[in-house]
Amino acid sequence: MISANNIYIKYGDRVLLDKVNLVIGEKDKVGLVGRNGSGKSTIMKVIASYINPDSGEVIIPGGKTIGYLHQDMDLPKGKTVMEEALTAFDEVKRLEKKLVQLNEEVANRTDYESDSYSDLLNDLSETGDRFHILGGESMEADAEKVLKGLGFKSSDMGRLTDEFSGGWQMRIELTKMLLKHPDYLLLDEPTNHLDIESIIWLEKFLKNYSGAVITISHDKQFLDNVTKRTIELEWGKLFDYKASYTDFVNLRIERREILEQAYKNQQKVIAEKERTITRFMAKATKTKMAQSMKKQLDKVERIEIDSADNRAMVLKFPPAPRSGQVAVEANNVHKTYGSLEILNDINLKLDRGDRIAFVGQNGQGKTTLARMLVNDLAASSGEIKLGHNIEIGYYAQNQTEALDSKKTLLETMENAAPPEMRTKVRSILGAFMFSGEDAEKKVSVLSGGEKARMAMACLLLRPFNLLVLDEPTNHLDINSKEILKNALQDYDGTMIVVSHDRDFLAGLTNKTLEFRDKQLHTYLGDINFYLKKRAMDNMREVEMATKAKKALEEKSNDKPELDYETKKRLQRAVQNAERKIEKLEEKIAEWDVKMATAEFYEQPDSQKQIEKYQDLKKDLDKAMEDWEEAQAGLE
């Protein structure tokens, strides 16, 4: 196990870590949580030996390895994705050479009874075991498996790493880290550049990881699915809970209530004893007793309660001005960058009040379409029309980078505000936790989370009825994300949210658009409905492919070729069944949305409607059987 003892770090007048102690077991799955700036990344760097504490020590058992993924990694250039991933196996390659040498030595030795020969065999066995554990027999296959799990395609393997954005290069670094399989895996915000599918894959990988995992994340669902222990950093101190994140939140409330009650009780006892001592000191006959009581009282270990940092931004979007029924419409939209086609023949209509989530793998065009809808980017062809009286509020993925670092917070707000709002900018800054002298700070000194809050504050200076948010939770801590989500749930305009945060999206939208293969795929529900439906679709695809393959194998032996008329009849049957399946699935999806509300079951004819729903599912099963039969016959 790793042991960090009495770690003390001070920056200027601020104590960041105040003699904290921490032990990490060999199989622990730990989530490090706390507000931005609480010291999470700092203590991780101390454990990884990237920085030294002012005092204290970290003890790492001999022979144990540590892998540390941080936010400022610099990927070497000039190698392909696969070549760079395979650098994770440098130790394996050294072991492979050593195994060759050891085997040659064993073959040439004849002193079978000597101690040195026994030592040689032990060395050979240990080296072989290590070679096997690190995946020596399947390096390239393992590398491809992890790369694909994190979103790379087969066609990406031979591309140079230089061609990829910083987010994709971070995925390559994460791949290398996972392939090295260190005993202790330290991950600082590993989901920041991942899409939902890749996050789910990473969760499964880490859940089954044989070593220890310590992760910093603002993704609650990721923490719940990966970790079983939560360590909170607050006011320089460390609080350890043997629980996942959601359970930790409840335990923290209980701990604080118990501590506050114990503090109140102790304060009452101390006050009573102090009054008694004061009375006794006034009497000469009881002075010695009073002095004795005071010595005893001085020895009492006092319960201390740090004032909890309950500051939070106050976020409320202005009422949305009335707009036309159609908010925005896209017709036959194409988008290409040079020879690279991103979106092909996109059609989309948003009605007033629609709440849409854009999801899908990175690079599939989510941000591109969002920018085109707000007129921040031109389409290559096609038409995008805004509805009557539409006013746009847009939070870009790189919104924090657009802030002028040389200006103060107050100047930034005043420049962005219309004349009638300039008298309110200080109160808006205060609502976003920038009070008093904070307003005179330069933007350049703000942290990532503070810049995100600042950019959000600027958004509230004008009313809008079409709100487009592209990755709004980047850099926000868990508390701030909750506040933003609550505000968005109260927002009464039309909304598009691009995000990979499942907990943030859950219940926030009523329609999900998946970007896949240059097209949009619509799901009439929130992110949880989409994930459930996609999982069912994937299972169905596998099942249908398996059945078709089995039917083909059974019928392919010595069977005559189909005549022209039979072939045509089966092709029509396949097409008709596919159309029927698609229509039935759409109807069932609509019913799923209806049946998810309490109002549905309050209707007098709800039982009859449930029976209709069951009939639709039976029809879908029959259509699936018809498709399988026709497809098998055709093949």
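Got a number for residues in region 478-496 being in contact with a helix residue (DSSP H, G or I) (Cβ under 8 Å, 6 or more places away or on another chain) and farther than 20 Å from Q325 by Cα?
Total satisfying the criteria: 5.
So, in region 488-530, of the ones that are over 21 Å from the mean Cα position of the chain (by Cα) and at positive phi, which residue ends up most open to solvent (accessible area, probe 1.4 Å)?
Filtering region 488-530 for residues that are over 21 Å from the mean Cα position of the chain (by Cα) and at positive phi, the one most open to solvent (accessible area, probe 1.4 Å) comes out as D517.
Quick one: is L476 in contact (Cβ under 8 Å) with a residue 40 or more places away in the chain, farther than 16 Å from I392 by Cβ and of a type outside the set (V, I, T)?
It is true that L476 is in contact (Cβ under 8 Å) with a residue 40 or more places away in the chain, farther than 16 Å from I392 by Cβ and of a type outside the set (V, I, T).
If I go through region 60-97 residue by residue, how many of them are touching a helix residue (DSSP H, G or I) at 6+ places or on another chain (Cβ under 8 Å) and open to solvent by less than 50 Å² (accessible area, probe 1.4 Å)?
The qualifying residues number 17.
Considering region 30-48 alone, what residues qualify as being modelled with pLDDT of 90 or more and open to solvent by 40 Å² or more (accessible area, probe 1.4 Å)?
K45 - this is the single residue of region 30-48 that is modelled with pLDDT of 90 or more and open to solvent by 40 Å² or more (accessible area, probe 1.4 Å).
Could you please find all residues in region 326-380 being of a type in the set (A, V, I, L, M, F, W, C), assigned to a strand (DSSP E or B) and open to solvent by 60 Å² or more (accessible area, probe 1.4 Å)?
Once the filter is applied, which keeps residues that are of a type in the set (A, V, I, L, M, F, W, C), assigned to a strand (DSSP E or B) and open to solvent by 60 Å² or more (accessible area, probe 1.4 Å), region 326-380 yields only L340.
Determine if region 315-323 includes at least one residue that is open to solvent by 40 Å² or more (accessible area, probe 1.4 Å) and free of Cβ contacts under 8 Å to residues at least 60 places away in the same chain.
Within region 315-323 (the criterion being open to solvent by 40 Å² or more (accessible area, probe 1.4 Å) and free of Cβ contacts under 8 Å to residues at least 60 places away in the same chain), the answer is no, since none of the residues qualifies.
What number of residues in region 432-481 are open to solvent by 10 Å² or more (accessible area, probe 1.4 Å) and in contact with a Pro (Cβ under 9 Å, 6 or more places away or on another chain)?
Of the residues in region 432-481, 4 are open to solvent by 10 Å² or more (accessible area, probe 1.4 Å) and in contact with a Pro (Cβ under 9 Å, 6 or more places away or on another chain).
I'd like the full set of residues that are touching a helix residue (DSSP H, G or I) at 6+ places or on another chain (Cβ under 7 Å) and more than 18 Å from G448 (Cα to Cα), limited to region 33-59.
Hits for region 33-59 are I51, P53, V58.
Of all the residues that make up region 3-17, how many are open to solvent by less than 10 Å² (accessible area, probe 1.4 Å) and either in a loop (DSSP other than H, G, I, E, B) or without any contact (Cβ under 8 Å) to a residue 12 or more places away in the chain (or both)?
Qualifying residue count, region 3-17: 0.
Filter region 157-179 down to residues that are outside any loop (DSSP other than H, G, I, E, B) and more than 20 Å from T191 (Cβ to Cβ), then give me how many there are.
4
For K407, only one of the following conditions fails: (1) under 22 Å from I496 (Cβ atoms); (2) open to solvent by 20 Å² or more (accessible area, probe 1.4 Å). What is its number?
Failing condition for K407: (1).
Scan K533, K549, K580 and give me the residue that is open to solvent by 70 Å² or more (accessible area, probe 1.4 Å) and either at pLDDT 70 or above or not in a helix (DSSP H, G or I) (or both).
One residue alone meets the criteria, K580.
The values are calculated or read from the model by the stated rules, or taken from the named source; none is laboratory data. The model shown is predicted, which means the values in this text are computed figures rather than measured ones. FYI the Cβ positions are ideal-geometry reconstructions off the backbone, even for glycines, and counts take in every protein chain you see. The area values use the complete protein model at the heavy-atom level, side chains included, leaving out ligands, DNA and RNA. Shrake-Rupley method; radii C 1.70, N 1.55, O 1.52, S 1.80 Å.
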